[in-house]
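Structure record follows, encoded as structure tokens.
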Amino acid sequence: MRSVLVLLAALLACAPVARAGEPAVDERLVQLRGERSALQARADGAARVALLTPLRVAGLLTDALSAREGSSGRALDELPVGRRQAFAALIALNDALKQALARPGQGPNALLRTASDRAAKALEALAGDDQPLVLLVTPRVVPPRRGGGEVALVPSAPPVPPAEADFRFRPAAPRAPEPGATVVRYVPGFVPAADVDPPVEIEIVGLRLGTDAPATLAVGAWRGEARVSPERLHFSVPREAFGTDANRAQLVSSLLALRRGGRLVAFELPFLVLPDQPGSLALDQKLRWTVPESNTLLSPEIMVRAAAGETRALRRCFDAPAGWRFDKQQRRVVIVERLGWLDDVNDPTLNGGTVEFAADEGPEQACLVVSAKPVTAGARTATIGRFEATLVRDQPQEKAVLSGVRALDWNEPVRLALEPDAVERRLYVRLFGELVREFAEPMPDGMPFLRISREDNVLVLRADPSAEP
């Protein structure tokens, strides 16, 4: 008995146990998984699309480490170097996911991409042991239903016959259809019936996926067994197993279960499920043109005096008011008065002075030259003159051309006419009810699940399930 107690004490001393106060690796993995579940629950539509790949990498790495540690209770520094590095990469990826969700922007998103790449490499580095490993799952995105836009009509309940004793007409009170009642989809007779949604073909690539029992995948209430090929598992999942929201994209988790060596190994696989309706858009365009406006400018009167026998001239230039310009073809000079005196006798014919525009005036000026010139030696002269000119300017006019809100469709592109004379355009897109973007020219080639192109003077927008981020 004493020897048995000594042996048990030796085994307990050699067993790896996490230090007091420090969670074991398996406990820490549970914490990390719980943090990510909380992040996933808080994520809006934009975050669900942007964080899909990092979330999937983080989930695969978490499950891979869980499969290798189980319930060992080891501390982090007791792990082999490769697993310790993988654990550090997983913690960094979790932290980057928190930052990207709390502060969306280029900086946190760049850090998230770096952390995701590092975690993917750490996942591949775990391939050297003898445990199952999932490396890649396709597809990432489940396409929308083919007939999701049809109008659903719930059949009404059959009328309740009145009591035999009461022959007065009583309309039956409406009743909710019984659970499991058939939902009829309205399809006119001249419209061919929509095709049935094909199953979603899921392929899982990894190592050592062969198990003691057939591998199974559970999606919602559906559960199916895998078709096995070398290092691959294949599942044909009915499209309805994923469910669909009418307007919002959803993250749906599935569970891959493997049995190896009598132990259950599980991998959680998220999928982004696209809604029936992709969203809406609007295009605003600003047109700008000018309308000519004119006004008449009357200059002040300019007077020039010349002494007896002298000739005098005065040049004065005028600038157009701000925003206006002179129409050089629409102006004239005005000789208000010509005066002349000889021996104090007033005689206008003694004055040969002129009023005329200067030949060297600037393009934005009107320069007037007024002269007084005696016709007879000894005469005194005075000339008064002014000008009249037409001022013109281009008055800007603006008009907004609004497309209104247009619904996007998975099957038909939306075409928006482009005004050739537009000086500014703004495109507003709302995908999945939550993913909102605003674009100005030059228009981008697209965004997640939307392709944007231009054909002559038409902007073409195609909602495309294959245009993944």
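Some points to look at:
- Test: residue in the stretch 129-137 that is acidic (Asp, Glu), surrounded by fewer than 16 Cβ atoms within 10 Å (Cβ to Cβ) and closer than 25 Å to residue 252 by Cα: no
Matching residues to (1) at pLDDT below 50; (2) of a type in the set (Ser, Thr, Tyr); (3) in contact with a Cys (Cβ under 9 Å, 6 or more places away or on another chain); (4) assigned to a strand (DSSP E or B):
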| residue | (1), (2), (3), (4) |
| --- | --- |
| 116 | no, yes, no, no |
| 121 | no, no, no, no |
| 135 | no, no, no, yes |
| 169 | yes, no, no, no |
| 181 | yes, no, no, no |
| 187 | yes, no, no, no |
| 194 | no, no, no, no |
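- Selection from the stretch 41-78 of residues that are part of a helix (DSSP H, G or I), modelled with pLDDT of 80 or more and not aliphatic (A, V, I, L, M): 42, 48, 53, 54, 56, 59, 62, 63, 66, 68, 77, 78
- The residue pairs whose first member lies in the stretch 73-85 and is touching a residue at least 60 places away in the same chain (Cβ under 8 Å) and farther than 9 Å from residue 24 by Cβ, whose second member is in a loop (DSSP other than H, G, I, E, B) and of a type in the set (Phe, Trp, Tyr), and whose beta carbons are closer than 8 Å, counting only pairs six or more residues apart or on different chains, do not exist in this structure.
- Condition check for residue 409: of a type in the set (Asp, Glu), surrounded by fewer than 19 Cβ atoms within 10 Å (Cβ to Cβ), touching a residue at least 60 places away in the same chain (Cβ under 8 Å) and within 30 Å of residue 449 (Cα to Cα): yes
- Filter result for residue 227 (at pLDDT below 95 and closer than 25 Å to residue 47 by Cα): no
- The stretch 22-71 - residue that is more than 20 Å from residue 265 (Cβ to Cβ) and β-branched (Val, Ile, Thr) and, of those, surrounded by the most Cβ atoms within 10 Å (Cβ to Cβ): 49
- With respect to the stated conditions, residue 292 fails to be touching a strand residue (DSSP E or B) at 6+ places or on another chain (Cβ under 8 Å) and not in a strand (DSSP E or B).
- The residue list 377, 372, 382, 417 contains one member that is in the same structural domain as residue 293 (by TED's automatic domain parsing), in contact (Cβ under 8 Å) with a residue 24 or more places away in the chain and surrounded by fewer than 14 Cβ atoms within 10 Å (Cβ to Cβ), which is 377.
- Residue identified as modelled with pLDDT of 90 or more, hydrophobic (A, V, I, L, M, F, W, C), crowded, with 18+ Cβ neighbours inside 10 Å and in contact with a helix residue (DSSP H, G or I) (Cβ under 6 Å, 6 or more places away or on another chain) among 237, 273, 252: 273
- Tabulated pairs, the stretch 320-335, first among the aromatic types (Phe, Trp, Tyr), second not in a strand (DSSP E or B), C-beta under 6 angstrom, 6+ apart or interchain: 326/320
- In a residue-by-residue description of the stretch 305-316, the property of being outside the structural domain of residue 64 (by TED's automatic domain parsing), in contact with an Asp or Glu (Cβ under 7 Å, 6 or more places away or on another chain) and of a type outside the set (A, V, I, L, M, F, W, C) applies to no position.
The values are calculated or read from the model by the stated rules, or taken from the named source; none is laboratory data. Please read these numbers as outputs of a predicted model, since none were measured by experiment. Ideal geometry is used to build each Cβ from the backbone, glycine not excepted, and the neighbour counts take in all protein chains shown.
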